[in-house]
1. Consider only pairs whose beta carbons are under 7 Å apart and that are at least six residues apart or on different chains; among these, list those whose first residue lies in the stretch 115-133 and is free of Cβ contacts under 8 Å to residues at least 60 places away in the same chain and among the hydrophobic types (A, V, I, L, M, F, W, C) and whose second residue is assigned to a helix (DSSP H, G or I) and crowded, with 20+ Cβ neighbours inside 10 Å.
2. Residues in the stretch 1-26 that are open to solvent by 70 Å² or more (accessible area, probe 1.4 Å), under 27 Å from residue 115 (Cβ atoms) and in contact (Cβ under 8 Å) with a residue 40 or more places away in the chain: how many?
3. Give the residues of the stretch 30-53 that are buried (at least 20 other Cβ atoms within 10 Å of the Cβ) and among the aliphatic types (A, V, I, L, M), sorted by residue number.
4. Would you point out which residue out of 97, 109 is closer than 24 Å to residue 28 by Cα, open to solvent by 30 Å² or more (accessible area, probe 1.4 Å) and modelled with pLDDT of 95 or more?
5. Can you tell me which of (1) touching a Phe, Trp or Tyr at 6+ places or on another chain (Cβ under 7 Å); (2) under 16 Å from residue 63 (Cα atoms); (3) not basic (Lys, Arg) is the one residue 132 doesn't meet?
Amino acid sequence: MAVLPIHKFPDAVLRRKAKKVRKIDKSIQTLADDMLDTLKDSGGVGLAANQVGALRRVIVIQLPEEDEPRVYINPEIIRREGEREVEEGCLSVPGYKAIITRSIWVKAKGLDRTSKLVRLRADGLLAQALEHEIDHL
């Protein structure tokens, strides 16, 4: 496992579309582990694979109140409801925060590290993190 460099704006990789993961193999597991190490080292809440230069549909999220981090592969928002304004920052734009509009709650789906389909309904910080990281992809 390794701490990877986080690409900063205006790096072109941040604007490129990530590719769907077809098979969760050792390379994807290593990417997820490295992303978790990078996220922990950064002190952030979430990280998308393209932020570390990998154009794969992988995100990691570590909520402050949870012991276990979340890894989602090929995540998608399938429903969203309502609007709220939140202050948000990004590891790829250090030191900058802005007020943006996010959903009150979202329904999302994706695969976990064992290829199991996960569906969840999220609100609060988890909904915000899911929307933010999936936007990166």
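The values are calculated or read from the model by the stated rules, or taken from the named source; none is laboratory data. Because the structure is predicted, anything quoted here is derived from the model rather than measured. When we count neighbours, we look across all protein chains shown, and the Cβ atoms used for this are built from the backbone with ideal geometry, even at glycine. Please note that ligands, DNA and RNA were not included when accessible areas were found on the heavy atoms of the full protein model with its side chains. Shrake-Rupley method; radii C 1.70, N 1.55, O 1.52, S 1.80 Å.
1. Here the result reads 122/130, each pair linking the stretch 115-133 to a residue that is assigned to a helix (DSSP H, G or I) and crowded, with 20+ Cβ neighbours inside 10 Å.
2. Number satisfying all stated conditions: 2.
3. 31, 32, 35, 39, 45, 47, 48, 49, 52 - these are the residues of the stretch 30-53 that are buried (at least 20 other Cβ atoms within 10 Å of the Cβ) and among the aliphatic types (A, V, I, L, M).
4. So the residue among 97, 109 that is closer than 24 Å to residue 28 by Cα, open to solvent by 30 Å² or more (accessible area, probe 1.4 Å) and modelled with pLDDT of 95 or more is 109.
5. Here residue 132 meets the rest and fails (1).
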